[in-house]
Amino acid sequence: MSKTRFRVAAAVAVLVVLIAVGWLFFSPDKPVDQAGMSMVLAPAIPVEGQFARAEGLREFSFPLDHGQHPEFQTEWWYYTGNLQTVEGRRFGYELTFFRRALTPPPALSNGSVWRANQVYLAHFALSDIETQAFRYQELLSRGAAGLAGAQSEPAFEVWLEDWSVRQIGNNRYALSANTEDYELKLDLTDLKVPVLQGNRGYSQKGPEAGNASYYISQSRLETSGELRIGENVWDVSGLSWMDHEFSTSALSAGQVGWNWFAIQLDNGSELMLFTLQREDGELDPFNGGTIIEPDGATRMLSSADFQVEIRETWRSPHSGAEYPSEWVITILNEEIRLSIKPLMPDQELNTFITYWEGAVEVQGEWNGVPVNGFGYVELTGYAESMQGKF
Amino acid sequence: MKRIAPGRAIKTQYPRILVRLGWQYVVHHAWQSFLMVLGIALGVAVMVSIDLANASASRAFMLSAEAVTGKATHQIAPISGMLDESIYTNLRISGNGELAAPVVTGLVSSEVLGGAPLQLLGIDPFADSPFRGYLGSGNKFDTGALTPFLTRPGAVLLSAELAGRSGLTPGESFALNFEGRTREVYLAGTLAAADALTRRSLNGVVLADIATAQELTGKIGRIDRIDLILPEDEPDRAAALQADLPAGVRLETVESRNGSIEQMTAAFQLNLTALSMLALVVGLFLIYNTMTFSVVRRRSLFGTLRSLGVTRSEVFALVIGEALIVGVAGSLLGLGLGILLGRNTVGMVSQTVNDLYFTTTVRGVGIPVSSLVKGGVIGVFATLATAVPPAVEAALVEPRAAQLRSGLEKKTRLITWLMGLSGLLLAGSGVLLFQIPTKNNVPGLVGTVLVVIGFAMLSAVGMRGLLMAVTPLTGRLFGSLGRMAPRNLVSTLSRTAVAVAALMVAVAVTIGVSLMIGSFRHTVTVWLEQTLQGDVYISAPSFTANTSTISIDPQVMEQVAVWPGLARADWLRSTVIESPEGQVRISATTNPDVGKERLFKASSGNPDEITQALREGSVLLSEPLANRLGLTIGDTLLLYTPTGEKAFPVAGVFYDYASSEGSLLIWMEQFRQIWGDTAVTSIGLRLLPGSDPDQVVRELQSGLQTDQQLIIRPNRSLRQDVMEVFDRTFAITAALQILATIVAFIGVLSTLLLLQLEKQREIGVLRALGLTGKQLWLLVMLETGLMGLTAGILAAPTGVALSLILIYVINLRSFGWTLQFDMNPGAFAMGLLIAVSAALLAGVVPAWRLSRMEAAEAIRYE
């Protein structure tokens, strides 16, 4: 995995804590006020010294490593996917679980199972492409008392209250998330082996030792299941993508945000790319990516290996932020050129940190052969600069 | 009476001269005005102080409850004991817990924090903000405290004010007491509330993460309840949630939970209010008396005014205007005095409420403005209303010449009899009111007032009779003056009777209340002797004076069971369970002699048969509970149990004065089997013959191995403690009694002053005829002394009637207690003493003034 992606990860990790702190001060139906905001923006980041750090290659063992790694401060499980009904009606979804440790393990309990040193946060978003409706919700909980957690034994499971993903067989997972308004029940089957991003799952993010993360993906999860909006229920199918990353690290200066692309093509290949939004507008040397071949073989991409051109922008009516909304990605030295368009413009989450995370469609050429596909894109740092906040 | 339109008269027609007349009268009779103002002021003050105390107690309860319940609309609570924490997790995991928050609470105290009870509130901050928002927006809170708050065992948050007052700074550790055990806690940070209300609530709270609260209270795996916010427009949600809950768990509205607790104090507070109104009523007697008197004195003036073209409305307005001045001045003064008095009453009432009903953790709730407004408005309007009859009297004065007073006094004789008759009617209708079968207190209190007023109206007749009867005796003792004094009183009955009635009412209240308290005390003493048969009692420290519901360390039971020198140890488990009728106190006992150690109001057999019935699953109800639920032997009592509703046969109703909400007694084995609760809250020890209880207490205190601080006391000191609470409970009643007497005293003083001043001319003549100063003293003292004596004597039957009403109507209905009437002659002696000495004291000033006045000056006065 690239260093940039790592920073993204770290930034999100910090976000988890910030949101956790913020949540404590606001009920969801309360407007954000000045005093509360100042507290969200001025958190005390816990001491990192006693946590484990990613300091070199690691032997991964599955399904064990699908579970949590509490010795690291930050960890997340990130599910996105593009679905369609038999009639061709398209939907995109995002279900993300973040874990953040407040103190190194173990929790200092005197007997109560509520004693927690882990905080879990989850986002669940649904893009209804036909009606252009974007729905999202956020949950927060302690990682204790059975309210939220992640485990690999007896089977992998990550959950926050009634949102969960759990293993139900060999390479098979059940994803379930439910709000009053919408609901998703999916069956995911991993068609490839877990992708070890970066250097065999280890990604150095800066010159310092330990400034890195461990990063695993499941880049092609065949998906089928049920989707409910209001009273309407559809059978859906499609492809999902899972990212799982854990680390103990802080961000370096100079970044205001990031762009992340996860693309699944009809030729059986996937592409993961990220670029950093730098304050100075320069190309960040930590930009990077991975090409996953149909057989699961991977190729690392460094910042010099690709270009991302922005073709369109979209201004959010909610935050007023202007996001890129159309891209052309060119992989240099290979005949890969992909044009990427959001399936609908408004997929902005106005949670504690405002960001755009949405379903996209892809058209282009892959080694001279036309390809189509779908994917997910994450854009941060447009509504507000991440710089200086963590 | 359409001739009278005071409002319009004052606004549009009132000639300036009349305003000046009224003002001058008030000013020129400064003494008289001052006493009227004082009378009203005291009446209002007493009322306001009690209302303040009641309002403060209610507000303290409300804030204490709100500090814990927050914005919750419903609660999931166990029918007894605690909830399993998995109920909450399941609620969340099943997606039904969107607006739900788990709560672990406990009453704690800390020497460092002043020793008063505080609410340990264990919350899940991730779920709590919609409910309580202590960590919410607006409240200042150091986020650095968050990580230790969640992760460090023993970490708590306090309000910045409470921490500052106690000299604690974040990072410090201090000791916290919970149910007799000491725990070390750590101040992770402080909270500064955004508004005054939150600040008051917060000052009674020790905030902890739910994990910390579980660990501090030993409630591992259990929570007290789950708070919910359910939308009002979706009533089905509650039913659906309830359906999913396991047996033994109930969903109920917060109102019904808090309401039932507040209801318990309602009767107590209403009775205090009623008692405080008595002081005002006595004050109004004074106003009525003084106003009537001032009108009578000025009949000729009003006659002249009328012949000069002043209308009836204007005369009416003149008198009412004077009353208004007095009423406003008196009420204002009364509010000030009330606030001062309130400093004591608030403490006394909240002490009683805390002793008997619930522990409030919020103190210093401020002065409720509503009490002041209420007191002021009632003071002014009551004064005006009282002034209406004399004002009408004044308005009816015919132009030209005023009638002679003798004519008025002739009328008075008739009026006396009419008054007596209507007094009888009033008292009779009061008694009729008692017959209304209701649990509501209002008819009873109205009836009481009617009976008291009825007796007051009868006092004129009684006074006439008494004075006639006493004349020969005083004549023999004091000669002509001795005959003159009663005759004077009878001839001025229109004014003296009112004064005597006021004093009589006040003294009767004193007698009635002390007879009631005495009977109560006597009853409780007898009951304690019967009920407390153990030699030594062990319990855990509790914040209420009620039966403790705090569990004793199980290790203690093991040790006590094999303690040398004991004949027997009886376990008692007292707790609160749910029933279809609301919460019920229950006590489970192992005492094999329980049938013998209760006084039964109704029983299904002899003591042994009752104990046997108890063993077989029947229950015994305390009298207040039986009254409240309308149950008696042969009936069944429905209770919620962990396995559903269950009916329990009632085998007996026993007298019990431990709580006014009542309790029920069940056999321990039955209780444990049904509720699965093995805790013990009190141990009663029977010693082997010849053992010294004090010695055993000392041995237990030093020898029991436990980390829990226990209260171990011999029978005697437990009884003393109970009686101490009893006396504390009635301290406020006794204080009110004294205040009412003071108001009456002022009434008498004022009346006598007026009476004697009015007679200046007559006395001038007497002086001119050679009456010495000493004889004048004698005459005045005889007159006032006779009034006091009359009032004191008449107060005795009124007092007895009042105490009978208090005991058999008010108390029984309010609290469900039957008291044994105990006629203590001391009460009457005290009443008589108060009446006569008040009257004699009140005679001193006029006697002194009149005796110093020259005859010529006295005659010239008019």
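Can you spot a residue in the range B:65-73 that is surrounded by fewer than 20 Cβ atoms within 10 Å (Cβ to Cβ) and facing chain A (nearest Cβ under 9 Å)? Scanning the range B:65-73, I find no residue that is surrounded by fewer than 20 Cβ atoms within 10 Å (Cβ to Cβ) and facing chain A (nearest Cβ under 9 Å), so the answer is no. Is it the case, given these coordinates, that residue B:588 is exposed (fewer than 15 other Cβ atoms within 10 Å of the Cβ), in contact (Cβ under 8 Å) with a residue 60 or more places away in the chain and among the small types (Gly, Ala, Ser)? So residue B:588 does not fit the description; no. Would a scan of the range A:96-104 turn up a residue that is touching an Asp or Glu at 6+ places or on another chain (Cβ under 8 Å), over 20 Å from residue A:181 (Cβ atoms) and without any contact (Cβ under 8 Å) to a residue 60 or more places away in the chain? Within the range A:96-104, one or more residues are touching an Asp or Glu at 6+ places or on another chain (Cβ under 8 Å), over 20 Å from residue A:181 (Cβ atoms) and without any contact (Cβ under 8 Å) to a residue 60 or more places away in the chain.
Would you list the helices (runs of 4 or more DSSP H) that sit entirely within the range B:160-238 and hold 3 or more residues that are at pLDDT below 90 and either buried (at least 23 other Cβ atoms within 10 Å of the Cβ) or in the same structural domain as residue B:106 (by TED's automatic domain parsing) (or both)?
Values: elements: B:160-165, B:196-202, B:210-217.
In the range B:160-238, B:196-202 are the helices (runs of 4 or more DSSP H) which contain 3 or more residues that are at pLDDT below 90 and either buried (at least 23 other Cβ atoms within 10 Å of the Cβ) or in the same structural domain as residue B:106 (by TED's automatic domain parsing) (or both).
Checking each residue in the range A:145-166 for being in a strand (DSSP E or B) and crowded, with 19+ Cβ neighbours inside 10 Å picks out A:148, A:149, A:150, A:157, A:158, A:159, A:160, A:163, A:164, A:165. Taken over the range B:263-296, the criterion of being surrounded by fewer than 23 Cβ atoms within 10 Å (Cβ to Cβ), among the polar types (S, T, N, Q) and within 30 Å of residue B:811 (Cβ to Cβ) is satisfied by B:263, B:265, B:269, B:271, B:273. Whenever a residue of the range A:155-179 is closer than 16 Å to residue A:240 by Cβ, its partners that are in a strand (DSSP E or B) and basic (Lys, Arg), lying with C-beta atoms within less than 6 angstrom and at least six residues away or across chains, give the pairs A:174/A:166; A:176/A:185.
From B:510, B:525, grab the single residue that is in a helix (DSSP H, G or I), over 30 Å from residue B:35 (Cα atoms) and β-branched (Val, Ile, Thr). Steps first, answer last, please.
Numbers: B:510 fails: over 30 Å from residue B:35 (Cα atoms).
B:525 is the lone residue from the list that is in a helix (DSSP H, G or I), over 30 Å from residue B:35 (Cα atoms) and β-branched (Val, Ile, Thr).
Checked against the criterion of being over 26 Å from residue B:774 (Cβ atoms) and of a type in the set (A, V, I, L, M, F, W, C), the range B:481-492 contains not a single residue that satisfies it.
Would you be able to say whether some residue in the range A:185-192 is in contact with a Phe, Trp or Tyr (Cβ under 9 Å, 6 or more places away or on another chain) and either of a type in the set (A, V, I, L, M, F, W, C) or within 12 Å of chain B (Cβ to nearest Cβ) (or both)? Before the answer, list the steps.
Step one: filter the range A:185-192 for residues in contact with a Phe, Trp or Tyr (Cβ under 9 Å, 6 or more places away or on another chain), giving A:186-190.
Those left that are additionally either of a type in the set (A, V, I, L, M, F, W, C) or within 12 Å of chain B (Cβ to nearest Cβ) (or both): A:186, A:188.
Among the residues of the range A:185-192, at least one is in contact with a Phe, Trp or Tyr (Cβ under 9 Å, 6 or more places away or on another chain) and either of a type in the set (A, V, I, L, M, F, W, C) or within 12 Å of chain B (Cβ to nearest Cβ) (or both), which makes the answer yes.
Within the range A:96-118, restricting attention to residues that are at pLDDT 90 or above and under 18 Å from the mean Cα position of the chain (by Cα), the residue that is farthest from the other protein chains (Cβ to nearest Cβ) is A:96. Just one of the numbered conditions (1) in a loop (DSSP other than H, G, I, E, B); (2) free of Cβ contacts under 8 Å to residues at least 12 places away in the same chain is not true of residue B:111: (2). Considering each residue of the range B:675-683 in turn, at least one proves to be more than 36 Å from the chain's Cα centre (by Cα) and surrounded by fewer than 22 Cβ atoms within 10 Å (Cβ to Cβ). Suppose the filter is in contact with a Gly (Cβ under 9 Å, 6 or more places away or on another chain), of a type in the set (Asp, Glu) and modelled with pLDDT of 95 or more; does residue A:65 pass it? No. For first residues located in the range B:793-821 and touching a residue at least 24 places away in the same chain (Cβ under 8 Å), partners that are of a type in the set (Lys, Arg) and part of a helix (DSSP H, G or I) and lie 6+ apart or on another chain with Cβ distances below 8 Å form the pairs B:816/B:628. Considering the range A:309-353, the residues that are part of a strand (DSSP E or B) and among the aliphatic types (A, V, I, L, M) include one that is nearest to the chain's Cα centre (by Cα), namely A:349.
The values are calculated or read from the model by the stated rules, or taken from the named source; none is laboratory data. In this text, all values refer to a predicted model and were calculated from it rather than measured experimentally. In this analysis, Cβ positions are derived from the backbone assuming ideal geometry, glycine residues included, and neighbour counts consider all displayed protein chains.
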